[in-house]
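Chemist: Structure in structure tokens, see below.
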């Protein structure tokens, strides 16, 4: 059942890396029998199994951090809350059995209403009953990390483990949330080929305020993302695109002329949902950097 589930999710995520609908995820059969994978409880154990099969976090508002963001433990492990506070609740027992038997699970993270980023396989590696939580490894390299012994790891090893959660969890989920908000098109040129779209940070993720929330993101095609990162194009707080003055007068080929220079003065295509639109204060901070570069 687990192998069949992972093969099903592999196909779906290859087709839709920006997020998969619950209907598509639940269009799953084992031995000819339908089996839902996304259900209302956060922890799901089908009747035929002893151990949990999937876990889930729901979609939050675009301007809020994803639920797991505040629950990253040392070593990059994700702290996943019990269902309720009773350690012997049937769902908690099912997740504990999965931990004891080291059964792989799928982790569904909401990126829009009814749309999920699927992470798999993940493993429950530890439990803290006093905190009513389990610890989940999202990468094989984290599976044998003991949360109580993380402080004894070398700084390089600890940094490596914490970078894994960024690559496996933070970056794909941020991209999916931003692309869903922008209806899977470039905010500058409206290109709709999702394999050519990125989620660009307005305030860089290495800077203060560079949080992985949708109002700090722009859905950009790869050329406009690169141009934005290098301050070739900027975005004013009123959502209007500017091209750096020296680039406007360059003579090159059709890509520069039509892909960059023609975007000068274009107004961004922004999400319908007001809470998902670019934050003007963050745009102003980043636009000041663009002006300084010019």
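The values are calculated or read from the model by the stated rules, or taken from the named source; none is laboratory data. As the structure is a computational prediction, the values presented were derived from the model and not from experiment. Neighbour counts run over all protein chains shown; Cβ positions are idealised from the backbone, glycine included.
Chemist: Do any helices (runs of 4 or more DSSP H) entirely within the stretch 1-120 hold 2 or more residues that are in the same structural domain as residue 174 (by TED's automatic domain parsing), out of contact with any strand residue (DSSP E or B) (no Cβ under 7 Å at 6 or more places or on another chain) and closer than 28 Å to residue 153 by Cβ, and if so, which? Spell out how you get there, then give the answer.
Modeler: Values: elements: 2-15, 22-25, 90-101.
Helices (runs of 4 or more DSSP H) meeting the threshold: 90-101.
A quick yes/no check of all residues on (1) surrounded by 15 or more Cβ atoms within 10 Å (Cβ to Cβ); (2) touching a strand residue (DSSP E or B) at 6+ places or on another chain (Cβ under 9 Å); (3) modelled with pLDDT under 95:
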{"residue": "210", "(1), (2), (3)": "yes, yes, yes"}
{"residue": "220", "(1), (2), (3)": "yes, yes, no"}
{"residue": "223", "(1), (2), (3)": "yes, no, no"}
{"residue": "228", "(1), (2), (3)": "yes, yes, no"}
{"residue": "250", "(1), (2), (3)": "no, no, yes"}
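Chemist: Among the residues of the stretch 136-184, what is the count of those that are assigned to a loop (DSSP other than H, G, I, E, B), modelled with pLDDT under 85 and farther than 22 Å from residue 123 by Cα? Can you show your working first?
Modeler: Taking the stretch 136-184 and keeping what is assigned to a loop (DSSP other than H, G, I, E, B), we get 138-139, 143-146, 153-154, 182-184.
Checking which are modelled with pLDDT under 85 leaves us with 143-146, 153-154.
Next, from what is left, pick out any that are farther than 22 Å from residue 123 by Cα: 154.
Summing the residues that are assigned to a loop (DSSP other than H, G, I, E, B), modelled with pLDDT under 85 and farther than 22 Å from residue 123 by Cα in the stretch 136-184 gives 1.
Chemist: Another one. Hey, any hits in the stretch 78-95 for a residue that's buried (at least 20 other Cβ atoms within 10 Å of the Cβ), within 29 Å of residue 16 (Cβ to Cβ) and at pLDDT below 90?
Modeler: Taking every residue of the stretch 78-95 in turn, at least one turns out to be buried (at least 20 other Cβ atoms within 10 Å of the Cβ), within 29 Å of residue 16 (Cβ to Cβ) and at pLDDT below 90.
Chemist: Could you tell me whether residue 169 is surrounded by 21 or more Cβ atoms within 10 Å (Cβ to Cβ) and within 26 Å of residue 99 (Cβ to Cβ)?
Modeler: Answer is yes for this residue.
Chemist: Also, quick follow-up: Is it true that residue 125 is in a strand (DSSP E or B) and crowded, with 17+ Cβ neighbours inside 10 Å? Write out each step before concluding.
Modeler: Values: in a strand (DSSP E or B): yes; crowded, with 17+ Cβ neighbours inside 10 Å: yes.
Here the answer is yes, as residue 125 does meet what is asked.
Chemist: Have a look at 142, 163 and point out the one that is loosely packed, with under 15 Cβ neighbours inside 10 Å, farther than 20 Å from residue 37 by Cβ, under 24 Å from the mean Cα position of the chain (by Cα) and not assigned by TED's automatic domain parsing to the domain that holds residue 275.
Modeler: Values: 142 fails: loosely packed, with under 15 Cβ neighbours inside 10 Å.
Answer to the check: 163.
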